[in-house]
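First the structure, in the form of structure tokens, and then the observations on it.
The values are calculated or read from the model by the stated rules, or taken from the named source; none is laboratory data. Since we're looking at a predicted model, the values are computed, not measured. Cβ coordinates were reconstructed from backbone atoms using ideal geometry, including for glycine residues, and neighbour counts include every protein chain displayed. Protein only, heavy atoms only, side chains kept; ligands, DNA and RNA dropped before computing areas. Shrake-Rupley method; radii C 1.70, N 1.55, O 1.52, S 1.80 Å.
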Amino acid sequence: MITVHHLNNSRSQRILWLLEELGVPYEIKRYQRDPKTMLAPPELRQIHPLGKSPVITDGEVTLAESGAIIEYLAERYGQGRLLPPSGTPERLRCNYWLHYAEGSAMPPLLLKLVFRRVETAPAPFFVKPIAKGIAHKVLQSFVDPQLKLHLDYLEGELGKSAWFAGNEFSAADIQLSFPVEAFAARGGLDAGRPRLWAFLQRIHARPAYQRALQSGGEYSLGD
Ligand SMILES: N[C@@H](CCC(=O)N[C@@H](CS)C(=O)NCC(=O)O)C(=O)O
């Protein structure tokens, strides 16, 4: 039996969604973030030394990293679904997105989260304006332009085909859901980018996405 080590409000939501799309049975072991630090509880380090979510266990296999997990589950249980055939341009594209989501899209989104917290974090009165000023400068001069660059890129890519890896819904769309949802929560995505906006509505309407929300529980990337 596949076990998804699921942290509330986290990337493991997309693993539940993938498993619902595939119709593969799984069980969930739940972990709660520390409400102050937002970090995962230490028990998760007993499953994988980094203690991040998602992690899955499947028999002898313990695997972390969303992209690796998605590829493993789709290859092992997909019976040809959710991964375009090997050797095709669509498969190369799908692989590209599996890496891009965490390797390129998430870093500026994480910087946005961190520097926004620095802007609003409690600090002694003589430090606060300096911390706020530095955070504001980093956001304005680096982070926000990077977010715009990625948003424009993603919007343009969805003009080439119905889904990110081609005309079929694929694992790439599941992997990209997390950054696209984070862009909507804090990265400047709104209805002004109609293809990405419609992508969000389309994925949210999928019955498997809805089932995964029911099994995963609270999920909101707003901060
Ligand atoms: N690149 C990793 C990122 C894993 C990650 O940072 N997960 C977050 C949840 S979205 C986490 O576990 N945060 C809690 C912590 O760092 O303690 C992946 O895609 O799996």
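At-a-glance table
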{"quantity": "Lone unmet requirement of (1) open to solvent by less than 60 Å² (accessible area, probe 1.4 Å); (2) in a helix (DSSP H, G or I) for Arg117", "calculated": "(1)"}
{"quantity": "Evaluation of Leu18 against (1) closer than 16 Å to Ala208 by Cβ; (2) assigned to a loop (DSSP other than H, G, I, E, B); (3) open to solvent by less than 10 Å² (accessible area, probe 1.4 Å) (one fails), failing number", "calculated": "(2)"}
{"quantity": "So Gln140, is it closer than 30 Å to Ser53 by Cβ and surrounded by fewer than 17 Cβ atoms within 10 Å (Cβ to Cβ)", "calculated": "no"}
{"quantity": "Selection from region 145-166 of residues that are out of contact with any helix residue (DSSP H, G or I) (no Cβ under 8 Å at 6 or more places or on another chain) and either within 23 Å of Ala68 (Cα to Cα) or in a helix (DSSP H, G or I) (or both)", "calculated": "Pro145, Lys148, Leu149, Asp152, Tyr153, Gly156, Glu157"}
{"quantity": "Residues of region 53-72 satisfying the condition of being in contact (Cβ under 8 Å) with a residue 40 or more places away in the chain and near the ligand (Cβ under 10 Å from one of its atoms)", "calculated": "Ser53, Pro54, Val55, Ser66, Gly67, Ile69, Ile70"}
{"quantity": "The one condition in (1) at negative phi; (2) in a loop (DSSP other than H, G, I, E, B); (3) within 15 Å of the ligand (Cβ to nearest atom) that Val24 fails to fulfil", "calculated": "(3)"}
